[in-house]
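The structure follows.
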Amino acid sequence: MIKKKFDMEGLVVIEPRKFHDDRGYFFESFNEQKYSELLGEEVVFVQDNVSCSKKNVLRGLHFQNPPFAQGKLVSVVKGKVLDVAVDLRKDSPTYGQHEIIELSAENGLQFYIPPGFAHGFVALEEDTLFSYKCTNYYSPSHEDTLLWNDPKLGIDWKCSAPLVSEKDKIGKKIDTFVSPF
């Protein structure tokens, strides 16, 4: 298992080891002991979610406020996405900055996004299946959204006309957002 850390503390890309043969491949998608060692902290996931998106569907930038803040281990089961994490930790030297990574069924990468980050993605292929392992339960009264196309964030989604939900169209701008993290 290979991991890559980013300049933003806490973000980690994990490449599970795949075992290939003439039948296909096998890999361990999660092992609590190994991932806790890899991430340097005990990580407990309590909820799994899967979304299916058409090409150019953009979901995000979502997060949950404390005490229901969530860490997420995300991956693509089918298709491909451009995945984005925005640092919302007010005391972080990288507050308001983002990281972008391409995740696909083909590359098999997983992206760990700790609590204190907004998260979103755009589907780059039809019928993309996206998997989320979450460290806290979904709480509608604690969910929040940053505006996906806020010029201050400067995210290049590589998609000129994304399909965006009504909720995501009215997200908060980073300049008016007061971080609870």
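The values are calculated or read from the model by the stated rules, or taken from the named source; none is laboratory data. Owing to the predicted nature of the structure, the values given are computational and were not obtained by experimental measurement. Neighbour counts run over all protein chains shown; Cβ positions are idealised from the backbone, glycine included.
Among what's in segment 133-148 and is surrounded by 17 or more Cβ atoms within 10 Å (Cβ to Cβ) and farther than 19 Å from Pro162 by Cβ, pick the residue that is farthest from the chain's Cα centre (by Cα).
Just the residues of segment 133-148 that are surrounded by 17 or more Cβ atoms within 10 Å (Cβ to Cβ), to begin with: 133-136, 142, 145-148.
Next, only the ones that are farther than 19 Å from Pro162 by Cβ stay: 133-136, 142.
Details: Lys133: 10, Cys134: 10, Thr135: 13, Asn136: 14, His142: 18 Å.
For segment 133-148, the residue satisfying everything is His142.
Can I ask one more? Looking for something in a loop (DSSP other than H, G, I, E, B), modelled with pLDDT of 90 or more and out of contact with any strand residue (DSSP E or B) (no Cβ under 8 Å at 6 or more places or on another chain) - is there at least one such residue anywhere in segment 45-54?
Step one: filter segment 45-54 for residues in a loop (DSSP other than H, G, I, E, B), giving 45-46, 54.
Narrowing the set further to residues that are modelled with pLDDT of 90 or more leaves 45-46, 54.
Keeping just the survivors that are out of contact with any strand residue (DSSP E or B) (no Cβ under 8 Å at 6 or more places or on another chain) gives none.
No, segment 45-54 has no match at all.
Here's another thing I want to ask about it. Need pairs with beta-carbon distance below 6 Å; first residue without any contact (Cβ under 8 Å) to a residue 60 or more places away in the chain and within segment 1-28, second surrounded by 14 or more Cβ atoms within 10 Å (Cβ to Cβ) and of a type in the set (Lys, Arg); sequence gap 6+ or separate chains.
Qualifying pairs under 6 Å: none.
Next question, about the same structure. Among the numbered conditions (1) surrounded by fewer than 18 Cβ atoms within 10 Å (Cβ to Cβ); (2) farther than 20 Å from Leu11 by Cβ, tell me where Asp156 comes up short.
(2)
State which residue pairs qualify: first residue touching a residue at least 60 places away in the same chain (Cβ under 8 Å) and inside segment 144-171, second residue of a type in the set (Asp, Glu) and in a strand (DSSP E or B) in any location, beta carbons under 9 Å apart, and separation of 6 or more residues or different chains.
Gly171/Asp144
Got at least one residue in segment 60-68 being exposed (fewer than 13 other Cβ atoms within 10 Å of the Cβ), outside any helix (DSSP H, G or I) and at pLDDT 95 or above?
Filtering segment 60-68 for residues exposed (fewer than 13 other Cβ atoms within 10 Å of the Cβ) gives 66-67.
Still in the running and outside any helix (DSSP H, G or I): 66-67.
Filter once more, so that each one left must be at pLDDT 95 or above: 66-67.
For segment 60-68, residues exposed (fewer than 13 other Cβ atoms within 10 Å of the Cβ), outside any helix (DSSP H, G or I) and at pLDDT 95 or above: present.
Condition (residue is touching a Gly at 6+ places or on another chain (Cβ under 7 Å), buried (at least 19 other Cβ atoms within 10 Å of the Cβ) and modelled with pLDDT of 95 or more) applied to segment 73-82: is it met by at least one residue? Please lay out each step first, then the result.
In the first step, residues of segment 73-82 are kept if they are touching a Gly at 6+ places or on another chain (Cβ under 7 Å); the result is none.
Within segment 73-82 (the criterion being touching a Gly at 6+ places or on another chain (Cβ under 7 Å), buried (at least 19 other Cβ atoms within 10 Å of the Cβ) and modelled with pLDDT of 95 or more), the answer is no, since none of the residues qualifies.
Related question: Looking for whichever is in contact with a helix residue (DSSP H, G or I) (Cβ under 6 Å, 6 or more places away or on another chain), touching a residue at least 24 places away in the same chain (Cβ under 8 Å) and among the aromatic types (Phe, Trp, Tyr) here; the options are Phe45, Phe68, Phe117. Which one fits?
Working: Phe45 fails: in contact with a helix residue (DSSP H, G or I) (Cβ under 6 Å, 6 or more places away or on another chain); Phe117 fails: in contact with a helix residue (DSSP H, G or I) (Cβ under 6 Å, 6 or more places away or on another chain).
Of the residues listed, the single one that is in contact with a helix residue (DSSP H, G or I) (Cβ under 6 Å, 6 or more places away or on another chain), touching a residue at least 24 places away in the same chain (Cβ under 8 Å) and among the aromatic types (Phe, Trp, Tyr) is Phe68.
(1) surrounded by fewer than 17 Cβ atoms within 10 Å (Cβ to Cβ); (2) touching a Cys at 6+ places or on another chain (Cβ under 6 Å); (3) among the hydrophobic types (A, V, I, L, M, F, W, C): which one isn't true of Ala161, the others all being true?
Failing condition for Ala161: (2).
May I pose another question? Name, by its number, the condition in (1) aliphatic (A, V, I, L, M); (2) in contact with a strand residue (DSSP E or B) (Cβ under 7 Å, 6 or more places away or on another chain); (3) over 13 Å from Leu61 (Cα atoms) that does not hold for Ile174.
(3)
Any residue at all in segment 165-172 that's aliphatic (A, V, I, L, M) and surrounded by fewer than 11 Cβ atoms within 10 Å (Cβ to Cβ)?
Step one: of segment 165-172, the residues aliphatic (A, V, I, L, M) are 170.
From what's left, surrounded by fewer than 11 Cβ atoms within 10 Å (Cβ to Cβ): 170.
Looking for residues that are aliphatic (A, V, I, L, M) and surrounded by fewer than 11 Cβ atoms within 10 Å (Cβ to Cβ), one finds at least one in segment 165-172, hence yes.
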